[in-house]
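Here is the structure we will look at, set down as structure tokens.
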Amino acid sequence: MGSTFTPWLGLLAVGALWGGTNPFIKRGSKGVQKVHSPNKITQIILEIKYLFTQWQYILPFLLNQCGSVVYFLTLQQTDLSLAVPIANALTFLFTALVGHLLGEEKIDKETLCGITLVVVGISLCVYGKI
């Protein structure tokens, strides 16, 4: 693998893993609000237990954490001033697209405008560093 291509592929993977799993994590955590306990500590423990017994939550959560590992590895080869905005912007982009594909939200004019601005912003960041 070429060393100049790997960081960009890594950032794309980070955006896809973080953003692509967000809607699935949201879906997998449904029902946690039904867990109740009068004790705050017990409430937290029961909520964590509930979440970690739901494969619909655990699988996307683990994939999301893989994105964090890829991010850490990518940071070793990437300028931090580029990696952070690119990874976060791609996360937003993938969250919007996957959420739309799952029927959560329609991509309206404002979202499309935001996605366009994100792509333009990423392009300007990269162009400014070249």
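In the condition set (1) crowded, with 17+ Cβ neighbours inside 10 Å; (2) polar (S, T, N, Q); (3) assigned to a helix (DSSP H, G or I), Gln65 is compliant with all but (1).
Exactly one condition in (1) farther than 18 Å from Leu11 by Cα; (2) outside any helix (DSSP H, G or I) is not met by Thr78; state its number. The number of the failed condition is (1).
Among the residues of segment 24-53, those identified as touching a Phe, Trp or Tyr at 6+ places or on another chain (Cβ under 9 Å) and in a helix (DSSP H, G or I) are Phe24, Ile25, Arg27, Gly28, Val32, Lys34, Tyr50, Leu51. When you go through (1) crowded, with 16+ Cβ neighbours inside 10 Å; (2) within 30 Å of Tyr127 (Cβ to Cβ) one by one for His100, which number turns out not to apply? The number of the failed condition is (1).
Kindly provide the set of residues from segment 91-130 that are assigned to a loop (DSSP other than H, G, I, E, B) and either at pLDDT 90 or above or out of contact with any helix residue (DSSP H, G or I) (no Cβ under 7 Å at 6 or more places or on another chain) (or both), ordered by number.
Step one: of segment 91-130, the residues assigned to a loop (DSSP other than H, G, I, E, B) are 102-108, 130.
Those that are assigned to a loop (DSSP other than H, G, I, E, B) and either at pLDDT 90 or above or out of contact with any helix residue (DSSP H, G or I) (no Cβ under 7 Å at 6 or more places or on another chain) (or both): Leu102, Gly103, Asp108, Ile130.
The single condition among (1) modelled with pLDDT under 90; (2) surrounded by fewer than 16 Cβ atoms within 10 Å (Cβ to Cβ); (3) among the aliphatic types (A, V, I, L, M); (4) part of a helix (DSSP H, G or I) that Leu73 does not satisfy is (1).
The values are calculated or read from the model by the stated rules, or taken from the named source; none is laboratory data. Treat the numbers as computed from the prediction; the structure is a model and nothing was measured. Ideal geometry is used to build each Cβ from the backbone, glycine not excepted, and the neighbour counts take in all protein chains shown.
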